[in-house]
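Have a look at the structure below before the remarks.
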Amino acid sequence: MVSRDTAVHVTVVALAFAGMAVLSPFVFDAESPVAFAALAAFNGVVLAGAHLYLAWRGEDGLVPVSSRWRFVGAVGVIVALGAASAVTDPVAVGPVTTDGLLAAIGGVVAIGYLFLEARSGYRESADETGA
């Protein structure tokens with residue numbers, strides 16, 4: 001039997017692809033920053049859409065709700081950084097460009113997310129063993 005998580009993930013991905021199929025003639029121009037922002041949003045929906053839906057409903061399933069919210073937040077920040085990078089021109093701030101700065105912030109968010117998930121998993125395992 002298919003789990004609720006899998007059914008929601010498949011539905012969200014199918015809806016994301018259907019949305020892109022409908023919007024692509026209106027949005028996509030190979031050089032357009034709007035196209036890149038739309039693609040970033042599409043990837044955000046594919047990656048985090050099901051987690052957002054299940055977290056909003058408060059359904060644990062295979063993943064705890066708190067982990068779902070952390071993942072949605074991390075993906076949202078990364079997508080926003082990517083969209084900001086796409087729609088703005090890079091500006092040099094000393095030896096660093098704004099695109100490099102946005103990428104560094106994205107890296108910090110990714111590492112921070114991994115740290116928070118590891119800490120949460122450790123705390124859960126410590127609670128189960130009674131330590």
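The values are calculated or read from the model by the stated rules, or taken from the named source; none is laboratory data. What you are looking at is a predicted structure, and each value in this text was computed from that prediction instead of being measured. Here the Cβ positions follow ideal geometry from the backbone for every residue, glycine too, while neighbour counts run over all protein chains shown. Surface accessibility is based on the protein's heavy atoms, side chains included, excluding ligands, DNA and RNA. Shrake-Rupley method; radii C 1.70, N 1.55, O 1.52, S 1.80 Å.
If we keep just the residues of region 79-131 that are in contact with an Asp or Glu (Cβ under 9 Å, 6 or more places away or on another chain) and polar (S, T, N, Q), which is farthest from Gly44 (Cα to Cα)?
Thr98
What's the number of the only condition in (1) open to solvent by less than 70 Å² (accessible area, probe 1.4 Å); (2) not aliphatic (A, V, I, L, M); (3) not in a helix (DSSP H, G or I) that Ser24 fails to meet?
The one condition Ser24 does not meet is (3).
Suppose the filter is part of a loop (DSSP other than H, G, I, E, B), under 24 Å from Ser32 (Cβ atoms) and out of contact with any Lys or Arg (no Cβ under 7 Å at 6 or more places or on another chain); does Asp89 pass it?
The answer is yes for Asp89.
Given the residues Gly49, Gly61, which is the only one that is surrounded by 13 or more Cβ atoms within 10 Å (Cβ to Cβ), in a helix (DSSP H, G or I) and of a type in the set (Gly, Ala, Ser)?
Going through Gly49, Gly61 in turn, the sole match is Gly49.
Would you call Gly106 surrounded by 13 or more Cβ atoms within 10 Å (Cβ to Cβ) and at negative phi?
It is true that Gly106 is surrounded by 13 or more Cβ atoms within 10 Å (Cβ to Cβ) and at negative phi.
Given the structure, is Ala55 at pLDDT 90 or above, touching a His at 6+ places or on another chain (Cβ under 6 Å) and buried (at least 18 other Cβ atoms within 10 Å of the Cβ)?
no
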